[in-house]
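All remarks here apply to the structure that follows.
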Amino acid sequence: MPRRERPLDAGDGPLRELAAGLRHLRQKAGNPPYRRLAEQAHYSISTLSSAASGQRLPTLAVTLAYVRACDGDVEEWERRWREAAERLGEWHPALDPEDESGTPPPYAGLRSFREQDTEWFFGRERLVEELAERLERQRFVVVIGASGSGKSSLLRAGLVPRLRAAATTVVVLTPGPRPLEECAVRLGALAGVAPGGLYEELRRDPANLGRLVRQVAVRSGAVDDEAVLVVDQFEEIFTLCPDDVERDRFVEALVTAASDEGGRCRVALGVRADFYAHCTHSSPLVEAMRDAQVPVGPMSLDELRRAVVRPAQQAGLTVEGALLASLTAQAHGQAGVLPLLSHALLQTWRRRRGNALTLGAFEAAGGLEGGLARTAEEFYQRLDPEQRKLARRVFVRLTALGEGTEDTRRPARLEELEGLAGSAGGGTDAVLDRAAGARLLTLDHERVELAHEALIRCWPRLHGWLTEDREAIRTLRQLTGAAETWEALGGDPGALYRGTRLDMAVALDRASLSVKEREFLDASLAARAAERAAARQRARLRRGAVALLTVLLVLASTTAVFAVRAQRAADRQRDAASSQRAAEKAAALRATSPALAAQLSLAAYRLSPTPEARSSLLSTFATPYATQLPGRASAVTAVAFSADGRVLTTGDSDRTVRLWRATDPHRPRELSALPRLSGPVRTVVVSPDSRLLAAGDEAGTVGVWDIDDPRRPRLAARLPAGGGPAVGLGFGPGGRVLAEATRGEIRVWLLSDPRRPRALATRRVPAPVTAVAFRRDGRVLATGHTDRTVRLWEVSASGDRLRELSAAAGHTGEVKALAFARDGRTLASGGTDFTVRLWDVTGPGRARETERLTGHTDAVNAVGFSPDGRTLASAAVDGTVRRWEVSGPGPAGAPAVLTGHTGSVGSLAFSPDGRTLATGSEDQTARLWDLPGPAMTGHSSSVYSVAFSPDGRLLATGSYDRSVRLWSLTDTRRPRRLDLLPGHTGPVNSVVFRPDGRALASGSADGMLRLWSVAPASRARLLRTVPGRVGHVNSVAFSPDGRTLATGGEGGRVRLWDATDVRSPRPLAAMPGSAAVDSVAFSPDGRTLAVAARNSTAVLWDVAGRRRPARLAVLARHTGAVKSVAFSPDGRTLATGSEDRTLRLWDLTDLRRPVSRARLAGYTDGVMSVAFAPGGRTLAAASSDHTVRLYGLTGGGGARELALLTGHTKPVDTLAFSPDGRTLASGSEDWTALLWDPDVGRVATRVCDTADPALTRAEWRQYFAQQRYRPPC
């Protein structure tokens, strides 16, 4: 929260002189607020204000950024900074980033440890031992860990040196875009074989890899002719290799080489954890990985201490105890923090005092995450303007945009960077050398890459470049690949760009293209010009001939007709291209500007109904929707609803309190603004009768206003300032008593006559107050303190006495937020330790911690309970808001995360009806979020199955967390959680309602089939538990008449049950199979059963005779496990989805001879579930690539893709249409189920009913420059 600038300490000295000079410079610039300086300088508010505080010497980069933002003389201030630093003894030329001290650093910085760094590699000794032992026992090992967990360092600086010490031949490689070629190059050099022929041998027969490795081992004289092949960054086969065949052959080669009993090759892979699912789609790799995984988690405290202290000791240095404590506290339990830790230590080493690494040097370097951003920003600020442009182009090229995963680094050959911006090689070389010197890039003689992916997460400038125009970056990446292909084909004209692709490439900034790309683009343009010239020549010849042979009138008429048609076709193409661009930009804006994104999607669809526009529109409400309050110009620091929910109050850092009409949360309107307070607003509260408003500020003053008429609020009283800034306020039940907590004391006021408040009680506190909450009855209040405690206080009935009840410790950092549940039995707290904690306060005067909620990545600023007490919301400096379900038995599940704020979120409040959540942020916005949002949360693991009841009023979900949940869909926009059905002891793989709607069946990996009564008038209850007798039960299905139940499972069999009496199902028949069954489905007439099996087939059975089923046909066109089957409503078409990343449609006119009519591809992962809409004209498919696709069925058994629905963040495993077809439900491994409206018309109506403010002319020109203004609503 912004604060008044602290006066400088008395006295003189270089620090005070420098700080005073910076303040004077800011005054000369018109005293701009630090927020504006931060936007221009690209440093945080706290960093810039600290630079002028006189407390410590800022870095040179921060100082110069401050000076530039204030239009100062950069050269003069660089001289003044160096003079001050020299007088303080904190600068020496040897420490300047541009100079080298000659002493090798003991820390690797951002890059991973290499083999030559093994003397500095500590902390993973136990894991190195375990990995070496595993590799000795088995021939194939996979090291799995999050980005930044230290996998590459473990392999290169830990495992490889240990193996070499044992005289073992080791070959280390990273796959790159051509993994087999990389193998051929690396191994060919060691074996003395030409890589070209070797590459062809490996591609033709992957088994040659094992023989080649053995040849290398023999040639090198290895012990027992053993060799180990270490493949680091194995995920590159998914991110960089575009050739599926080469990827599969590479995997096959590795697995074959390691599994060959007579071979002498062992394989160790390093792969990022978020690519584990990609690995599971290769059958050979799955088998090899089954018992071969070595997870790399966060370091223990002892390992962290060794990683910090031992390299320093090796270099003759010491680590200050306070620094070690701070580093271990921040890094403990964080899986991806090691590159940031190593980088921060490197920067601390550069700022060392003598032989000591100190906490002061660490903080001067920017701390753990700030250090990396600071180093990157210092590198950037040292470049001249042309070099900065070049640096942006280089860093963007070295990043691969994620598709459902985080953005990753992309290695590039140096020749790709030649000629960027038309510069000579020296310009590029200078930028690369400086970046490599700052440890931001790793550079060798032929390629360059980002030192670590942490740079993408932690450098705001790079993150901004990547999010600014992702469409242009993707276009550039496609152009790079096309240029390489064209060159490899010897400049084949057929490989040149034409049409829309050429138009999109021409729109790129030419300065961002390499020499090769410009040559390719010039050749494409030249080819197009030649083709057009030839076309014009042919046209001239035709016109001349026609002029001689036909009447001019006929010629003119014909020409006019064709011209009109051509113009219309051109217009359609232009509109389609504009629609596609706008749809993609709408998807990028959905989190930060939901109203604008929704209207852009609708406008794009109405301009041209492309699949991209339809996808963007239908996905509009798949993410939490928020309405932004208009007209903000300062940070929103406090929010509160009136008790009747009609008025929302906001407090700002510009000292203003505003009242808003909140009766329609989608169209809030400002009612009035109070006179400015003495300082930034810290807290606001409305009395229970909605007649009084109290607000406290940073200066410690509290005002009370009569808001009976919110359009004309009247000041009732101004309370005198107390002991520091106001922290919190709370009214008693009748609104007659007001409790106030300041930094140093608690006061209680009587407001019987609001114009004459009377102090009832004052109580000093033992430690500064940082948070406060008041119980609804006004008798108990809770305070959080800087000493990390939560204290409870009892307020007497008359309000004239305050008594401390207890002090409870639990947080490991300052307590920043508190809130009581409505029933007063639970207290929530949030702190700077990034956690939210729940406390049981039912005991007499005691608070007992019951649960710790983690997930935020920075300090928690605010917490609040919903009116029904079932939901807890938390807001944090990390810019996110999280909603936790805390009412059920057991621990809270994974929260729903609300993203969209771009700055710290400091306040939140639920509306009295619980349907809206208001949040305020430092990004100068307040948002009103629709609750409960599109995601049904509550499961604590993946959602594997969803099913609608026959009347569409209930949804059942089955989860890996071993439970079934029921949801009320009376209002599909606000699904309501009903019953939890426990009892299964394994993941619930399938749920299905009986056609009469009175019973539900669930199948589980525990091998059991459970039948539940779900009659509308009563709570759900268990009817019967039956052993499934098929191994893990993977799928259950009722026949249309409800009399037969089918179960399929891991054992490969499918069983039929007589379900006439669901309380006592009886076995009817068993159908044998040779592979596990993942899906079963009855035809609409109930006479045919389709079975999906993992042996790549689907089988049709005649089940008209329930006791004697007969096989009709085997559908065998898939090349991977068949995961789902579904009949069309007329029973004439069967859809099958497979792990081979395709969906097939089969014509069942002749059940004994099904015909494959369509193969639908385009997926980047397996198709896990398929479902027809009730009308039979739409088909939906769920995929592990995190998407849901909708298809329109055409005549002749074909289909065309209508939309790609995005909203899930992990693989989608299940989906189902409601009986009326108006709703589609999907379940995902992100632990949520989503509801989608597949009808464009209904979604368009909802957009216009919801989105506010309307799309302006300026916004229209920005996104539809070639179209006249046509607002979509």
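The values are calculated or read from the model by the stated rules, or taken from the named source; none is laboratory data. The structure presented is a predicted model; accordingly, all values stated were derived computationally and were not measured. Here the Cβ is made from the backbone with ideal geometry for all residues, glycine too, and neighbour counts use every protein chain on show.
Would you confirm whether or not segment 1119-1127 contains a residue that is in the same structural domain as residue 1039 (by TED's automatic domain parsing), in contact (Cβ under 8 Å) with a residue 60 or more places away in the chain, surrounded by 20 or more Cβ atoms within 10 Å (Cβ to Cβ) and within 25 Å of residue 1072 (Cβ to Cβ)? No, segment 1119-1127 contains no residue that is in the same structural domain as residue 1039 (by TED's automatic domain parsing), in contact (Cβ under 8 Å) with a residue 60 or more places away in the chain, surrounded by 20 or more Cβ atoms within 10 Å (Cβ to Cβ) and within 25 Å of residue 1072 (Cβ to Cβ). Checking the condition in a strand (DSSP E or B) and in contact (Cβ under 8 Å) with a residue 40 or more places away in the chain, which residue from 588, 640, 595 passes? Selected residue: 640, the only one of 588, 640, 595 that is in a strand (DSSP E or B) and in contact (Cβ under 8 Å) with a residue 40 or more places away in the chain. Taking residue 1226, is it touching a Phe, Trp or Tyr at 6+ places or on another chain (Cβ under 6 Å) and buried (at least 20 other Cβ atoms within 10 Å of the Cβ)? Spelling it out, it is not the case that residue 1226 is touching a Phe, Trp or Tyr at 6+ places or on another chain (Cβ under 6 Å) and buried (at least 20 other Cβ atoms within 10 Å of the Cβ). Only residues that are farther than 30 Å from residue 944 by Cβ and in a loop (DSSP other than H, G, I, E, B) were counted across segment 1225-1273, and they come to 16.
When each of 777, 709 is tested for being without any contact (Cβ under 8 Å) to a residue 40 or more places away in the chain and either surrounded by 16 or more Cβ atoms within 10 Å (Cβ to Cβ) or assigned to a loop (DSSP other than H, G, I, E, B) (or both), the lone residue that passes is 709. Cβ-Cβ contacts under 6 Å between residues 6 or more apart (or on different chains), taken from a first residue in segment 1175-1189 that is touching a residue at least 40 places away in the same chain (Cβ under 8 Å) and closer than 11 Å to residue 1126 by Cα to a second residue that is among the charged types (D, E, K, R) and not in a loop (DSSP other than H, G, I, E, B), are listed as 1181/1189.
Just one residue in the set 1206, 1214 is crowded, with 16+ Cβ neighbours inside 10 Å, modelled with pLDDT of 95 or more and among the β-branched types (Val, Ile, Thr); that residue is 1214.
Going residue by residue through segment 1191-1202, is there one that turns out to be closer than 21 Å to residue 973 by Cα and assigned by TED's automatic domain parsing to the domain that holds residue 969? Scanning segment 1191-1202 turns up no residue that is closer than 21 Å to residue 973 by Cα and assigned by TED's automatic domain parsing to the domain that holds residue 969. Each residue in segment 1255-1273 was checked for being surrounded by 13 or more Cβ atoms within 10 Å (Cβ to Cβ) and aliphatic (A, V, I, L, M), and 1 pass. Considered as a group, the residues in segment 52-73 that are modelled with pLDDT of 85 or more and among the β-branched types (Val, Ile, Thr) include one that is nearest to residue 26 (Cα to Cα), and that residue is 67.
When every residue of segment 1076-1091 is checked against the conditions, at least one turns out to be free of Cβ contacts under 8 Å to residues at least 24 places away in the same chain and either assigned by TED's automatic domain parsing to the domain that holds residue 953 or among the basic types (Lys, Arg) (or both). One residue stands out in segment 274-323 among those that are assigned to a helix (DSSP H, G or I), among the small types (Gly, Ala, Ser) and within 30 Å of residue 358 (Cα to Cα): the one that is nearest to the chain's Cα centre (by Cα), namely 307.
Return the only residue of 999, 1059 being under 16 Å from residue 954 (Cα atoms) and either surrounded by fewer than 22 Cβ atoms within 10 Å (Cβ to Cβ) or assigned by TED's automatic domain parsing to the domain that holds residue 1097 (or both). Criteria check complete, one pass: 999. Number of residues in segment 183-212 that are modelled with pLDDT of 80 or more, in a helix (DSSP H, G or I) and of a type in the set (A, V, I, L, M, F, W, C) equals 8. For segment 1223-1240, the set of residues classified as more than 23 Å from the chain's Cα centre (by Cα) and among the hydrophobic types (A, V, I, L, M, F, W, C) consists of 1224, 1240, listed by residue number.
Let's see how each residue does on (1) farther than 19 Å from residue 202 by Cα; (2) assigned by TED's automatic domain parsing to the domain that holds residue 256; (3) of a type in the set (Ser, Thr, Tyr); (4) crowded, with 19+ Cβ neighbours inside 10 Å:
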position	(1), (2), (3), (4)
156	yes, yes, no, yes
165	yes, yes, no, no
169	yes, yes, yes, yes
179	no, yes, no, yes
183	no, yes, no, yes
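Residue selection: residue 1047 fails the criterion of being of a type in the set (Val, Ile, Thr), assigned to a loop (DSSP other than H, G, I, E, B), more than 18 Å from residue 1151 (Cα to Cα) and within 38 Å of the chain's Cα centre (by Cα). When the criteria are applied in full, residue 818 meets the requirement of being closer than 16 Å to residue 729 by Cβ and surrounded by 15 or more Cβ atoms within 10 Å (Cβ to Cβ).
Selection over segment 238-258 of residues that are in contact with a Gly (Cβ under 9 Å, 6 or more places away or on another chain) and in a helix (DSSP H, G or I) gives a count of 5. Look at residue 914 and say whether it is surrounded by 20 or more Cβ atoms within 10 Å (Cβ to Cβ), among the small types (Gly, Ala, Ser), on the phi > 0 side of the Ramachandran plot and not assigned by TED's automatic domain parsing to the domain that holds residue 1219. Criteria not met by residue 914.
Each residue in segment 836-875 was checked for being farther than 30 Å from residue 331 by Cβ, β-branched (Val, Ile, Thr) and assigned to a strand (DSSP E or B), and 1 of them qualify. Residue selection: residue 311 satisfies the criterion of being outside the structural domain of residue 135 (by TED's automatic domain parsing) and in contact (Cβ under 8 Å) with a residue 40 or more places away in the chain. Residues that are at pLDDT below 75 and of a type in the set (S, T, N, Q) within segment 414-431 comprise just one, 423.
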